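Visitor: There's a structure below that I have some questions on.
Derivation of every value follows stated rules applied to the coordinates shown; laboratory data play no part. None of the values given here were measured: they were computed from a predicted structure. Cβ sites come from the backbone with ideal geometry, for glycine too, and all protein chains shown count toward neighbours.
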Amino acid sequence: MTLSAYLTVAGLLFCIGLFGALTRRNTIGILMGIELMFNAANLNLVAFNRFLHFDRLDGNVMTLFIIGVAAAEAVVGLALVVAIYRNINTIYAEDFNLLKG
Amino acid sequence: MLQTAYLIPLIPLVTSLVILFGGKEGKDSKMPFLGIAAMGWCFIHASVVFFQALTGRIALDPGNGYFLYEQLPWLAWGDRLRIYLGVLIDGPAVTLLFVVTLVSLLVQIYSLGYMHDDKRKKRYYAFLSFFTSAMLGMVLSSSVFILFACWELVGVSSYLLIGFWFEKPGPAYASKKAFMTTKLADCGFYVGLLLLFYYTGTFDLVQIGNQVEKGLIPVNVLNAIGIGFLIGAIGKSAQLPLFIWLPDAMEGPTPVSALIHAATMVVAGIYLIARTYFIFNAAPAALSAAAWVGLFTAFIAATMAVTAYDIKKVLAYSTISQLGYMMLGLGVYGYTSALFHLTTHAFFKALLFLGAGSVIHAVHSNDMRDMGGLLKRMPATGTTVGIATLTIAGMPFLSGWWSKEAILHDVYAYSPGMWVIAVFTAGLTAFYMARMYVLTFLGTPRNNEKYEHAHESPTSMTAPLWVLAGFSLLAGGILHYNHLFEHLVHFDGQHGKHHAPAFLLPGAAIFVFIFGVGLAHKLYSGSLETAKSLRKQFSWAVDTLEKRYYFDDFFLWLVDLSDKLAAAAFWIDSKIIDAIFIDGWALVVRAFAAVHDFIDSFFVDGAVDGVGTLTQDAGSGLRKLVRGQVQEYLLYVSLAVAVYATFMLSR
Amino acid sequence: MEQIVFYSLSAVALGAGLAVVLMRNVLHSALMLGLALMAVAGLFGSLGADFLFAGQIVVYVTGVAVLVLFVVMLAGRESDLHSVQTNEKWPLALAIAGVTFCGLWRLFCTYSNTMVRTPAVPTTEGIGILLLSDYALPFELISLILLAALIGAIHFSRAEEKQ
């Protein structure tokens with residue numbers, strides 16, 4: 001398989017995630033879109049590591065870090081969702097308008 | 001005792017502060033006793049020094065004319081101006097120390113009775129102590145600068161004491177008048193002081209004396225300095241033409257009049273000239289000016305006393321007249337006789353004032369037409385005032401006779417013409433003093449109600465009278481005996497050249513005394529009909545005298561004139577100068593400002609406001625885009641990234 | 001064989017991803033997310049990254065996806081099942097996604113001839129050595145971040161204390 005095939009899959013996955021993050025009304029849906037984008041990036045990194053620098057493992061390690069950071073992000077984000085839901089009884093993003101000037 | 005003489009002015013100063021700030025104000029205040037005790041101590045101290053000096057127990061500094069001369073530095077500005085706090089004790093200073101402390105002590109004792117019901121006793125005694133302190137400081141100071149400072153302090157306390165009953169309009173006006181008149185004269189003193197410092201570079205009396213003696217200072221300058229000092233003395237000692245404040249100063253409490261406006265403060269001018277006599281001795285013009293001023297003052301004041309009916313006014317004119325005598329004495333090289341007269345005058349004039357105060361205290365009136373026959377009701381006061389009247393009138397062998405005789409002797413030696421006027425004035429003195437005494441104490445009561453109400457004053461008031469009466473009787477003779485006073489107070493200067501026949505001087509004096517007293521007795525002892533008809537006949541003269549030769553009117557006219565001049569100057573300033581220069585210039589400035597304002601508001605502010613409005617409009621426009629939706633922000637970010645990335649890639 | 005694995009895993013990943021984005025029921029979306037992540041893990045495996053394959057399964061599929069499921073069930077409402085889940089800006093978002101993909105695709109084309117030339121080797125040992133030598137500091141930092149996230153999550157999701 002060529003590198004471009006993997007990259008194309010990753011790119012498509014990224015765009016799907018972006019679309020989800022931009023369009024979902026549900027906050028949890030937005031978070032899921034972001035997770036998809038993370039995975040697309042990870043896939044990119046691993047693919048580059050495998051095809052261009054097969055004698056090294058830096059891409060894999062970086063991916064590992066990203067997984068860790070993504071896990072932390074998911075935990076905090078979901079905790080925020082729960083807290084918001086508890087306070088204003090909704091999780092739809094358009095109802096969060098405290099920043100309105 | 002001599003070495004610690006500097007304590008004599010300091011003790012009353014401290015006392016006055018203690019009285020002023022300590023204790024409670026009121027009728028029952030115990031502070032007067034503190035003042036009297038302090039003054040008693042000072043009197044004992046001063047009298048010991050005086051008698052030691054008089055009897056030769058303490059010697060003069062070898063080669064110099066003083067007993068004690070010490071100083072310590074006080075102020076220094078640069079190299080040239082150094083002012084010392086110093087003590088210079090010579091004959092006149094010792095004499096004045098004794099006189100001031102004695103009169104002050106007696107007046108304070110007397111005030112216990114006189115001011116018995118006053119509500120501001122504490123304040124009164126504080127001022128008395130303060131005055132005494134300033135006066136003694138002036139007497140002792142070795143520096144003309146400190147002398148000047150004390151001179152002003154004396155003026156201030158005089159102001160405070162004349163206006164002691166400040167709630168009444170009379171005293172308030174009188175205190176203001178006295179202060180301003182003397183300040184006017186002090187300008188002369190001040191100019192003299194500056195001239196003196198300019199030419200000698202020091203304020204120290206001894207150093208100045210040495211420089212003058214060596215002839216280092218031109219005669220014209222000395223004349224100018226002398227005239228300046230003389231002007232100061234004219235104000236302080238109530239000489240022509242600035243005497244106008246003294247009769248009004250009688251509005252103050254009578255003991256104050258006795259202390260300040262008879263015995264002590266008003267002789268400050270005489271003392272100043274005596275203290276700086278080495279200048280006058282070398283400045284003939286200034287000295288003869290002093291002589292003429294003194295002569296006319298003595299004469300004119302005596303004539304004014306003839307018609308006055310207010311008992312204190314008579315005494316005030318008499319004081320002016322006697323001060324004129326002293327000034328005349330100084331002017332005719334009679335240094336010793338003038339200071340001799342100063343001493344004796346202090347005793348009998350204080351006595352007269354205190355006696356008058358006693359009478360006023362009893363009768364509650366100043367007008368002699370309400371009195372008469374009071375000798376029977378007030379024997380002690382009547383007797384003592386009688387002694388004083390005879391003394392001042394020139395009864396032979398009493399104090400006044402010796403001192404006045406000495407002055408007349410010196411006047412004759414200087415100029416027989418002046419002597420004639422002086423002797424005539426002596427006659428006038430005998431006449432008006434006898435008139436006062438006859439109107440007050442002899443004859444029949446003219447106001448029975450007041451007569452019945454009158455009674456002798458308490459012991460605290462009569463005791464000082466007796467003490468002063470003793471001094472009036474004997475002091476002159478004792479001091480004259482064996483030339484005691486002349487040894488103590490003398491100045492080796494020039495003397496007059498005329499010699500009179502031995503019998504002429506005493507003879508003339510005795511004649512005018514008998515004539516004056518006899519005339520007064522004849523006119524006033526019975527009914528006042530003769531006197532009244534005389535007043536009618538010479539009403540123009542009486543008017544002139546009662547208006548004080550129009551001196552007051554003259555000064556008021558001067559003030560009025562200056563008012564008018566000021567008004568005219570103000571008119572010119574406001575209507576012409578202001579209109580052209582200020583208002584015209586203002587118009588130009590306003591026109592320029594209007595143009596400037598237009599440019600500023602239209603262009604500059606327009607630009608500033610435009611920027612503001614633009615920002616505001618842009619902000620409110622952008623605000624519609626921003627709805628607080630985080631997802632939208634994300635959309636915008638993505639859009640921007642996508643567009644930018646596309647643009648970058650398609651290059 | 002390799003191509004069959006790749007295409008099938010890719011199809012599963014992309015299809016599940018689309019389902020995550022488009023499905024109305026959030027619960028189903030979350031399940032689809034788990035499927036998509038599993039497919040990505042499979043892609044990691046096909047790339048020879050055996051450690052990441054395991055890590056992906058452990059962290060994402062059994063950690064994050066399950067967590068999302070929990071939250072969906074905690075914060076979900078009955079009405080969510082029937083309301084529209086996409087907002088009204090979806091055409092613009094679609095355009096952005098499309099433009100982005102076009103850009104990315106143009107870049108990817110440069111690698112269309114790059115092939116793998118070496119066989120895959122186990123990576124766990126190498127990753128372990130790297131984590132404790134060259135990447136020791138970021139490794140520690142990640143642990144710190146995770147601790148902070150732990151505390152933060154507890155703080156945010158804790159019930160309000162009664163004053």
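Visitor: Look at residue B:147 and say whether it is buried (at least 24 other Cβ atoms within 10 Å of the Cβ) and touching a Pro at 6+ places or on another chain (Cβ under 9 Å). It would help to see each step written out before you state the result.
Guide: On the way: buried (at least 24 other Cβ atoms within 10 Å of the Cβ): yes; touching a Pro at 6+ places or on another chain (Cβ under 9 Å): no.
The answer is no for residue B:147.
Visitor: Follow-up question, since we're still on this one. Being touching a residue at least 24 places away in the same chain (Cβ under 8 Å) and at negative phi is the requirement here; does residue A:19 meet it?
Guide: Criteria not met by residue A:19.
Visitor: Given A:66, A:84, which one is farther than 16 Å from residue C:66 by Cβ and within 13 Å of chain B (Cβ to nearest Cβ)?
Guide: The unique qualifying residue is A:84.
Visitor: Moving on to the next point. Would you tally the residues in the stretch A:87-101 being within 14 Å of chain B (Cβ to nearest Cβ) and in a loop (DSSP other than H, G, I, E, B)?
Guide: 8
Visitor: Is it true that residue B:542 is of a type in the set (A, V, I, L, M), surrounded by 13 or more Cβ atoms within 10 Å (Cβ to Cβ) and farther than 29 Å from residue B:291 by Cβ?
Guide: So residue B:542 passes the test.
Visitor: Same structure again: Report, by residue number, each residue of the stretch B:151-166 that is part of a helix (DSSP H, G or I) and either of a type in the set (Lys, Arg) or free of Cβ contacts under 8 Å to residues at least 24 places away in the same chain (or both).
Guide: Passing the criteria: B:153, B:156, B:159.
Visitor: Going by what's in this entry, would residue C:58 be described as among the β-branched types (Val, Ile, Thr) and in contact with a helix residue (DSSP H, G or I) (Cβ under 8 Å, 6 or more places away or on another chain)?
Guide: For residue C:58, the condition - among the β-branched types (Val, Ile, Thr) and in contact with a helix residue (DSSP H, G or I) (Cβ under 8 Å, 6 or more places away or on another chain) - is not met.
Visitor: Can you go through B:386, B:357, B:400, B:382 and tell me which one is under 23 Å from residue B:475 (Cβ atoms), of a type outside the set (Ser, Thr, Tyr) and in contact with a His (Cβ under 8 Å, 6 or more places away or on another chain)?
Guide: B:400 is the lone residue from the list that is under 23 Å from residue B:475 (Cβ atoms), of a type outside the set (Ser, Thr, Tyr) and in contact with a His (Cβ under 8 Å, 6 or more places away or on another chain).
Visitor: How many residues, within the stretch C:15-47, are under 15 Å from residue A:8 (Cα atoms) and surrounded by fewer than 17 Cβ atoms within 10 Å (Cβ to Cβ)?
Guide: Number satisfying all stated conditions: 1.
For (1) closer than 16 Å to residue B:343 by Cβ; (2) surrounded by fewer than 20 Cβ atoms within 10 Å (Cβ to Cβ), each residue gets a yes or a no:
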position: B:470; (1), (2): yes, yes
position: B:475; (1), (2): yes, no
position: B:481; (1), (2): yes, yes
position: B:493; (1), (2): no, yes
position: B:510; (1), (2): no, yes
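Visitor: Output yes when any residue across the stretch B:544-554 is among the hydroxyl-bearing types (Ser, Thr, Tyr), closer than 30 Å to residue B:298 by Cα, free of Cβ contacts under 8 Å to residues at least 40 places away in the same chain and out of contact with any Cys (no Cβ under 9 Å at 6 or more places or on another chain), and no when none is.
Guide: The answer is yes; a qualifying residue exists.
Visitor: Restricting to the stretch A:7-29, count the residues that are more than 7 Å from every other protein chain (Cβ to nearest Cβ) and over 30 Å from residue A:90 (Cα atoms).
Guide: 1
Visitor: Identify, by number, the condition in (1) facing chain A (nearest Cβ under 10 Å); (2) assigned to a helix (DSSP H, G or I) that residue C:42 doesn't meet.
Guide: Among (1) facing chain A (nearest Cβ under 10 Å); (2) assigned to a helix (DSSP H, G or I), residue C:42 violates only (1).
Visitor: Return a yes/no flag: does the stretch C:11-28 have any residue that is facing chain A (nearest Cβ under 7 Å), hydrophobic (A, V, I, L, M, F, W, C) and closer than 26 Å to residue C:123 by Cβ.
Guide: If we filter the stretch C:11-28 for residues that are facing chain A (nearest Cβ under 7 Å), which is where we start, we get C:13-14, C:17-18, C:20-21, C:26.
After this cut, where a residue has to be hydrophobic (A, V, I, L, M, F, W, C) as well, the list is C:13-14, C:18, C:20-21, C:26.
Subsequent filtering for residues that are closer than 26 Å to residue C:123 by Cβ retains C:13-14.
Looking for residues that are facing chain A (nearest Cβ under 7 Å), hydrophobic (A, V, I, L, M, F, W, C) and closer than 26 Å to residue C:123 by Cβ, one finds at least one in the stretch C:11-28, hence yes.
Visitor: Just one of B:372, B:357, B:294, B:329 is part of a loop (DSSP other than H, G, I, E, B), crowded, with 22+ Cβ neighbours inside 10 Å and out of contact with any strand residue (DSSP E or B) (no Cβ under 9 Å at 6 or more places or on another chain); which is it? First the steps, then the outcome.
Guide: Details: B:357 fails: part of a loop (DSSP other than H, G, I, E, B); B:294 fails: part of a loop (DSSP other than H, G, I, E, B); B:329 fails: part of a loop (DSSP other than H, G, I, E, B).
That would be B:372, the only listed residue that is part of a loop (DSSP other than H, G, I, E, B), crowded, with 22+ Cβ neighbours inside 10 Å and out of contact with any strand residue (DSSP E or B) (no Cβ under 9 Å at 6 or more places or on another chain).
Visitor: Answer yes or no: is there a residue in the stretch B:23-44 that is under 23 Å from residue B:343 (Cα atoms), touching a Gly at 6+ places or on another chain (Cβ under 8 Å), in a helix (DSSP H, G or I) and touching a residue at least 40 places away in the same chain (Cβ under 8 Å).
Guide: Within the stretch B:23-44, the first condition is being under 23 Å from residue B:343 (Cα atoms), and the residues that meet it are B:36, B:38-44.
With touching a Gly at 6+ places or on another chain (Cβ under 8 Å) added as a condition, the list becomes none.
No: the stretch B:23-44 contains no residue that is under 23 Å from residue B:343 (Cα atoms), touching a Gly at 6+ places or on another chain (Cβ under 8 Å), in a helix (DSSP H, G or I) and touching a residue at least 40 places away in the same chain (Cβ under 8 Å).
Visitor: Within the stretch B:176-189, identify whether any single residue is of a type in the set (Lys, Arg), within 15 Å of residue B:282 (Cβ to Cβ) and free of Cβ contacts under 8 Å to residues at least 40 places away in the same chain, and answer yes or no. So that I can check it myself, show each step before the final result.
Guide: Pass one, the stretch B:176-189, residues of a type in the set (Lys, Arg): B:176-177, B:183.
Still in the list and also within 15 Å of residue B:282 (Cβ to Cβ): none.
No, there is no match, as no residue in the stretch B:176-189 is of a type in the set (Lys, Arg), within 15 Å of residue B:282 (Cβ to Cβ) and free of Cβ contacts under 8 Å to residues at least 40 places away in the same chain.
Visitor: Further question on the same structure: Return a yes/no flag: does the stretch B:108-126 have any residue that is under 18 Å from residue B:344 (Cβ atoms) and crowded, with 24+ Cβ neighbours inside 10 Å. Write out each step before concluding.
Guide: Our first condition is that a residue be under 18 Å from residue B:344 (Cβ atoms); within the stretch B:108-126, this holds for none.
Within the stretch B:108-126, not a single residue is under 18 Å from residue B:344 (Cβ atoms) and crowded, with 24+ Cβ neighbours inside 10 Å.
Visitor: Moving on to the next point. Here is a list of conditions, (1) without any contact (Cβ under 8 Å) to a residue 12 or more places away in the chain; (2) out of contact with any Ser or Thr (no Cβ under 8 Å at 6 or more places or on another chain), and residue C:57 meets all of them except one; can you say which number that is?
Guide: (1)
Visitor: So, one more: What's the number of the condition residue A:55 fails, among (1) facing another protein chain (nearest Cβ under 7 Å); (2) of a type outside the set (A, V, I, L, M, F, W, C); (3) not in a helix (DSSP H, G or I)?
Guide: Result: residue A:55 fails condition (1) only.
Visitor: Among the residues of the stretch B:438-483, what is the count of those that are free of Cβ contacts under 8 Å to residues at least 60 places away in the same chain, closer than 30 Å to residue B:523 by Cβ and not polar (S, T, N, Q)?
Guide: Final tally of qualifying residues: 2.
Visitor: Filter the stretch B:592-651 down to residues that are touching a Gly at 6+ places or on another chain (Cβ under 6 Å), within 13 Å of chain A (Cβ to nearest Cβ) and in a helix (DSSP H, G or I) and give me whichever is surrounded by the fewest Cβ atoms within 10 Å (Cβ to Cβ).
Guide: B:623
Visitor: Quick check on my filter: what residues within the stretch B:454-480 are outside any helix (DSSP H, G or I) and either among the small types (Gly, Ala, Ser) or over 20 Å from residue B:362 (Cβ atoms) (or both)? Lay out the reasoning, then the answer.
Guide: To start, the set of residues in the stretch B:454-480 that are outside any helix (DSSP H, G or I) comprises B:454-458.
B:454, B:457, listed by residue number.
Visitor: I've got another one for you. Could you tell me which of the residues C:39, C:19, C:54, C:97 is of a type in the set (A, V, I, L, M) and more than 17 Å from the chain's Cα centre (by Cα)?
Guide: Among C:39, C:19, C:54, C:97, only C:97 is of a type in the set (A, V, I, L, M) and more than 17 Å from the chain's Cα centre (by Cα).
Visitor: Take the stretch B:519-543 and flag every residue that is assigned to a helix (DSSP H, G or I) and in contact (Cβ under 8 Å) with a residue 24 or more places away in the chain.
Guide: Residues satisfying the conditions are B:519, B:520, B:521, B:523, B:524, B:535, B:542.
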